[in-house]
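Presented below is the structure to which this report refers.
The values are calculated or read from the model by the stated rules, or taken from the named source; none is laboratory data. Here the structure is a predicted model, which means the values were calculated and not measured. FYI the Cβ positions are ideal-geometry reconstructions off the backbone, even for glycines, and counts take in every protein chain you see.
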Amino acid sequence: MNGPEPSGRIDLLQIVPGLKWLLTRRWFQFAVVLPNLAFFYLFLIAGAFGSPVGSRNIIIIFVWILWWFLLIAVMVPLASRIWCTVCPIPFFGEWYQRRALVGVRVGKPGVGRNRMWGQNRRWPRALSNIWLQNFGFLLLCTFSVPLLTRPIVSTIVLGGLVLLATVLHVIYRQRAFCRYVCPIGGFLSLYSMCSMVEVRARNLETCDECTDKSCLAGGETGWGCPWYVNPSRLERNNYCGLCMECLKSCSHDNMTIRARAFGSETALKGYDEAWKAFIMIGLALAYSVALLGPWGIVKDWANPTESGKWGGFALYAVALWTLTLAIVPAAFYAAAGLGRRLAGKAGVTMKEAFLGFSGVLVPLGLAAWIAFSIPLILVNGSYVLNVISDPLGRGWDLLGTAHTPWMPFHPEYAAILQIAVLLAGLFYALRSGWRFASERYGDRPAAVRAVAPAAILSTAVAGGFLWLFVG
């Protein structure tokens, strides 16, 4: 018998009619991935053979304007890593491993109880973190302007990710690519902690008494968790890809999906996660300067394939890596150290303080990226109508919207929305810092002194973004 829901959580499988039935169907994930796979390869074809003009090519408009906005502003805050549920990038590699699109196979050789093909090697322990994702994402973002403006570059990068994912699926067991390599997965991991949904066990006592551990090892009704986590012990959203296999495989019907308050978790568990937060906030700052700011020289430096200013690009790249890997971490390390000293409390290590107060960048960074994306969709969103009718930019008019004139969608509201989003992000950031300080430093005066430097720094960061966005 299941106990009461944790405070502030709502069991969605119990209150949403038909949701449990849908998510436990074996065909569910294939049904949502298949159309996405078709669109994805249409985009790749458009990038390779369509118009080289970004605003006339569907891969640029749909992927880097529409998809990015929906991902960062809607999917992640409301539904955690729901993109991983429908992502087409690992499709072929996972099919190679399972040799099944819908059904389940059991037997040996394999992983757990599931029969699987490929070499099934274990992922190297030294790389069992998100450092590869950190550096991969930072490397891609260093060349972001060509990626966001030149269709052929987007095709090469996205097609390369499909090839890499497939190769790694052949060599390593389960979703090693998604968990440890995918550059998109890194920031989804970070910001999914703020999300308003979670996959969790209903009753931990039931899991303690369970002997078959089918959510982890798999069985005849479902595959074992492909994300290298034990679903029955999930406490954070970071590494749950919402594949729903644990809902299908659990022999006790003890896994569920819950709704919860935004920003329910922000605790960072290692330096790799902390540096992801630093990289993301630093990139948001750099992009705001280069793409939205009034400094044309910086935009030229960031786009050397058009401007030809490769010397300026070298300066831009060095500044970007220094900002994200050194300056931002040093600032938060100093703030955590100062707070620890002001609190005067023994028992809290410098690592604990550093990771704890770095967690303020989870909600603040997500807010900064949403605020950055708002003017992009408001100003460029009308291009969606053009490329739907003419995806290759070849003069087609399939739906009669190819010649819709460019028209920004109420750009005068952009500043208001950006201010609201950033202030909300700052609120949750300060709450995160206070929650950590009050838990670890005990009495209220000590907690106030401990959190003060990180709170001041977070407020300054939010103020800097407000100045860049609205002046």
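The condition of being touching a Cys at 6+ places or on another chain (Cβ under 6 Å), at pLDDT 90 or above, part of a helix (DSSP H, G or I) and in the same structural domain as S373 (by TED's automatic domain parsing) does not hold for L320. Scanning region 392-421 for residues being in contact with a Leu (Cβ under 6 Å, 6 or more places away or on another chain) and either farther than 20 Å from A371 by Cα or hydrophobic (A, V, I, L, M, F, W, C) (or both) gives a total of 4. The requirement of being touching a helix residue (DSSP H, G or I) at 6+ places or on another chain (Cβ under 8 Å) and part of a loop (DSSP other than H, G, I, E, B) is satisfied by N129. For region 158-210, the candidate set comprises residues that are assigned to a loop (DSSP other than H, G, I, E, B) and touching a Leu at 6+ places or on another chain (Cβ under 8 Å); within that set, the residue that is nearest to L44 (Cα to Cα) is C182. Cβ separations smaller than 8 Å between residues 6+ apart or across chains give the following pairs from region 174-191 residues that are touching a residue at least 12 places away in the same chain (Cβ under 8 Å) to residues that are of a type in the set (V, I, T) and part of a helix (DSSP H, G or I): L188/V76; L190/V362; Y191/I72; Y191/V76; Y191/V362. Against the criterion of being more than 23 Å from I72 (Cα to Cα), in the same structural domain as G282 (by TED's automatic domain parsing) and among the aromatic types (F, W, Y), W369 does not qualify. Yes or no: region 196-213 includes at least one residue that is free of Cβ contacts under 8 Å to residues at least 24 places away in the same chain and under 27 Å from L364 (Cα atoms). No: region 196-213 contains no residue that is free of Cβ contacts under 8 Å to residues at least 24 places away in the same chain and under 27 Å from L364 (Cα atoms). Considering K345, K351, K299, the condition of being closer than 21 Å to M193 by Cα and more than 19 Å from the chain's Cα centre (by Cα) is satisfied by K351 alone.
Examine region 282-294 for a residue that is aromatic (F, W, Y) and modelled with pLDDT of 95 or more, and state whether such a residue exists. The answer is no, given that none of the residues of region 282-294 is aromatic (F, W, Y) and modelled with pLDDT of 95 or more.
For region 273-332, filtered to residues that are of a type in the set (V, I, T), touching a residue at least 24 places away in the same chain (Cβ under 8 Å) and under 22 Å from A454 (Cα atoms), the residue that is surrounded by the fewest Cβ atoms within 10 Å (Cβ to Cβ) is I327.
Would you confirm, using the coordinates I've provided, whether S251 is surrounded by 23 or more Cβ atoms within 10 Å (Cβ to Cβ), in contact (Cβ under 8 Å) with a residue 12 or more places away in the chain and among the hydroxyl-bearing types (S, T, Y)? Criteria not met by S251. Residues in region 40-88 that are within 30 Å of E198 (Cα to Cα), loosely packed, with under 15 Cβ neighbours inside 10 Å and in contact (Cβ under 8 Å) with a residue 12 or more places away in the chain: 1 in all. Note on region 268-295: residues that are of a type outside the set (D, E, K, R), in a loop (DSSP other than H, G, I, E, B) and more than 16 Å from the chain's Cα centre (by Cα) total 4.
Filtering region 3-39 to residues that are assigned to a helix (DSSP H, G or I), among the polar types (S, T, N, Q) and in contact (Cβ under 8 Å) with a residue 60 or more places away in the chain leaves Q14, Q29. Do the conditions hold for L385, that is, is it out of contact with any strand residue (DSSP E or B) (no Cβ under 7 Å at 6 or more places or on another chain), in contact (Cβ under 8 Å) with a residue 24 or more places away in the chain and either surrounded by 13 or more Cβ atoms within 10 Å (Cβ to Cβ) or under 21 Å from L71 (Cα atoms) (or both)? Considered against the rule, which asks whether it is out of contact with any strand residue (DSSP E or B) (no Cβ under 7 Å at 6 or more places or on another chain), in contact (Cβ under 8 Å) with a residue 24 or more places away in the chain and either surrounded by 13 or more Cβ atoms within 10 Å (Cβ to Cβ) or under 21 Å from L71 (Cα atoms) (or both), L385 comes out as no.
For every residue, the table says whether it meets (1) surrounded by fewer than 18 Cβ atoms within 10 Å (Cβ to Cβ); (2) within 11 Å of A367 (Cβ to Cβ).
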residue	(1), (2)
L430	no, no
R440	no, no
A452	yes, no
V461	no, yes
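The number of residues in region 122-151 being of a type in the set (K, R) and farther than 23 Å from G222 by Cβ comes to 2.
Scanning region 334-359 for residues that are among the hydrophobic types (A, V, I, L, M, F, W, C) and either within 20 Å of D443 (Cβ to Cβ) or touching a Leu at 6+ places or on another chain (Cβ under 7 Å) (or both) yields A335, A336, L338, L342, A343, A346, V348, A353, L355, F357.
Tell me whether region 413-422 contains one or more residues that are of a type in the set (A, V, I, L, M), touching a residue at least 24 places away in the same chain (Cβ under 8 Å), surrounded by fewer than 16 Cβ atoms within 10 Å (Cβ to Cβ) and farther than 26 Å from T266 by Cβ. Checked against the condition, which is being of a type in the set (A, V, I, L, M), touching a residue at least 24 places away in the same chain (Cβ under 8 Å), surrounded by fewer than 16 Cβ atoms within 10 Å (Cβ to Cβ) and farther than 26 Å from T266 by Cβ, region 413-422 yields no hits at all.
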